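Before any comments, here is the structure.
The values are calculated or read from the model by the stated rules, or taken from the named source; none is laboratory data. Everything numeric in this text was worked out from a predicted model, so none of it was measured. Here the Cβ positions follow ideal geometry from the backbone for every residue, glycine too, while neighbour counts run over all protein chains shown. Surface accessibility is based on the protein's heavy atoms, side chains included, excluding ligands, DNA and RNA. Shrake-Rupley method; radii C 1.70, N 1.55, O 1.52, S 1.80 Å.
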Amino acid sequence: MDKIIIRQIYTTGLVFLWLLLPYAVHAQQNGNRDAEHFKAALLADSTIQLIDVRTPAEYKEGAIAGSILLNWKDSTAFEQGIQKLEKNRPVYLYCRSGNRSRQAADRLISLGFKEVINLSGGIKAWEEKGYYLKKDTPESTKGKGDH
């Protein structure tokens, strides 16, 4: 009788783990990264689509080089802009503090983007590390999200 109970517990545990596996893989491919890891990934992977979801005025104050402006507060422009992104390439997002970009990341994940990473603490965290910001006008989204 004890062997039957042990077998049932074991089987239940295996089923539970099997059901959690897709979530674990998804969690590894999406989430927050601190400025140090975010920058390291940008330097290591040329396929990353780098998206700044702040307003044009915020973008002009300084942006991460190679980023594309897709203003989260302009929902029409944002939705049109994400249509130009490739779902199978990584998308890295940032805003001022990490809140808007987290919301934008959730939107991209819901649309089936495979890897979506948010800069934890936003551009404020980037600046605190002393990392470079370019100061000029927003880049066009015509380049399909290349950086």
Tell me which residues, restricted to the range 34-64, are farther than 23 Å from F78 by Cα and either of a type in the set (D, E, K, R) or modelled with pLDDT under 95 (or both). D34, E36, K39, D45
Looking at E115, is it acidic (D, E) and modelled with pLDDT of 95 or more? yes
Count, please, the residues in the range 40-59 that happen to be farther than 16 Å from V91 by Cβ and open to solvent by less than 10 Å² (accessible area, probe 1.4 Å). 1
Condition set touching a strand residue (DSSP E or B) at 6+ places or on another chain (Cβ under 9 Å) and surrounded by fewer than 16 Cβ atoms within 10 Å (Cβ to Cβ), scope the range 104-131, selection nearest to A40 (Cα to Cα): answer is K114
Condition met for G121 (small (G, A, S), at pLDDT below 95 and on the phi > 0 side of the Ramachandran plot): no
